[in-house]
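A quick write-up on the structure given underneath.
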Amino acid sequence: MRIKMRDMRIALCNGYEMKISENRKIRIADEAGRGAGCIVYDAIYWDQMQIKHKIRVRECYPAYIQLTRAATGELVPSGNPEKFEKAKNRFTDAYKRNTDIRNTLGLTNSTVNAVDVISCNHTVYILLPMDEGIDYRYYEDQSLQELFRHMKSLAQIILKYHQKGYLHLDIKPENVLILPETPEHVILFDFDSVTAIGELQKNAGIPYSDGFSAPEQMQGKIKK
């Protein structure tokens, strides 16, 4: 029987600020959610012209690595720092991969737009625009027909990923965004678990979600 571990990660405090450069900074507004490999925040971003933007920030903070949050916000490995470095490299690679996927015809409007990656607090952060909508975890379909529309839209996106040579290995309600203007259209906004089909066997350590990921992925038998 699998034992589910408690999530002991400590999020950045509301109001915490990260200075990127002389004029650019980020202020954390609230925690928006968390996955196996990251914590997501709602935040305010000041650009080079000191114009404020509402954004989302993904912090590389794996639940499966022992990390301590210092009072100043830094993440300090309690042991095995090499494992944390590998996680940060995978996080950065996921950003690059997401950019490549979004630049692919047919997936531009179905993939979240990650706009920048920064290093701070001994970890890595990915910046994303604040898309208006609601994740499927909190959305209630009003009819069976609406449910089928959303499932069809999601299936079409997954098919496009497969046709372009990619697999999305962590599809779950909180990774699906329902847009208010076009309820039949959805966006996948998690990209940590996207891998090229040809590289599948190299990525046995991809984070997974209990109850949603494929059994062979959860068992570490990714070659299946």
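Please pick out the residue among K86, K52 that is surrounded by fewer than 16 Cβ atoms within 10 Å (Cβ to Cβ) and touching a strand residue (DSSP E or B) at 6+ places or on another chain (Cβ under 6 Å). Please lay out each step first, then the result.
Working: K86 fails: touching a strand residue (DSSP E or B) at 6+ places or on another chain (Cβ under 6 Å).
After ruling out the rest, the residue left standing is K52.
For residues that are touching a Phe, Trp or Tyr at 6+ places or on another chain (Cβ under 7 Å) and either more than 14 Å from N121 (Cβ to Cβ) or part of a strand (DSSP E or B) (or both), tally how many sit in region 66-86. Spell out the reasoning first.
Of all residues in region 66-86, those touching a Phe, Trp or Tyr at 6+ places or on another chain (Cβ under 7 Å) come to 67, 73, 75, 77.
In the following step, the residues that additionally are either more than 14 Å from N121 (Cβ to Cβ) or part of a strand (DSSP E or B) (or both) were identified as 67, 75, 77.
Counting residues in region 66-86 that are touching a Phe, Trp or Tyr at 6+ places or on another chain (Cβ under 7 Å) and either more than 14 Å from N121 (Cβ to Cβ) or part of a strand (DSSP E or B) (or both) gives 3.
Take the residues in region 192-204 that are modelled with pLDDT of 75 or more and either in a loop (DSSP other than H, G, I, E, B) or closer than 15 Å to Y138 by Cα (or both), then tell me which one is nearest to the chain's Cα centre (by Cα).
Start the filter on region 192-204 by keeping residues that are modelled with pLDDT of 75 or more, which leaves 192-199.
Next cut, either in a loop (DSSP other than H, G, I, E, B) or closer than 15 Å to Y138 by Cα (or both) only: 192-193.
On the way: D192: 6, S193: 8 Å.
In this case the residue turns out to be D192.
Could you grab me the full set of residues in region 84-114 that are closer than 17 Å to F191 by Cβ and without any contact (Cβ under 8 Å) to a residue 24 or more places away in the chain?
N89, D93, K96, T99, D100, R102, N103, T108, N113
Within region 29-59, track down each residue that is without any contact (Cβ under 8 Å) to a residue 40 or more places away in the chain, closer than 19 Å to K19 by Cβ and β-branched (V, I, T). Before the answer, list the steps.
Narrowing region 29-59 to residues without any contact (Cβ under 8 Å) to a residue 40 or more places away in the chain: 29-32, 34, 39-41, 43-44, 46-52.
Next, from what is left, pick out any that are closer than 19 Å to K19 by Cβ: 29, 41, 43-44, 46-52.
Within region 29-59, I44, I51 qualify.
For A155, state whether it is exposed (fewer than 14 other Cβ atoms within 10 Å of the Cβ) and out of contact with any Pro (no Cβ under 9 Å at 6 or more places or on another chain). Explain how you work it out, then say what you get.
Working: exposed (fewer than 14 other Cβ atoms within 10 Å of the Cβ): yes; out of contact with any Pro (no Cβ under 9 Å at 6 or more places or on another chain): yes.
When the stated conditions are applied, A155 passes them.
The values are calculated or read from the model by the stated rules, or taken from the named source; none is laboratory data. Given the structure is predicted, the values throughout are model-derived calculations rather than measurements. FYI the Cβ positions are ideal-geometry reconstructions off the backbone, even for glycines, and counts take in every protein chain you see.
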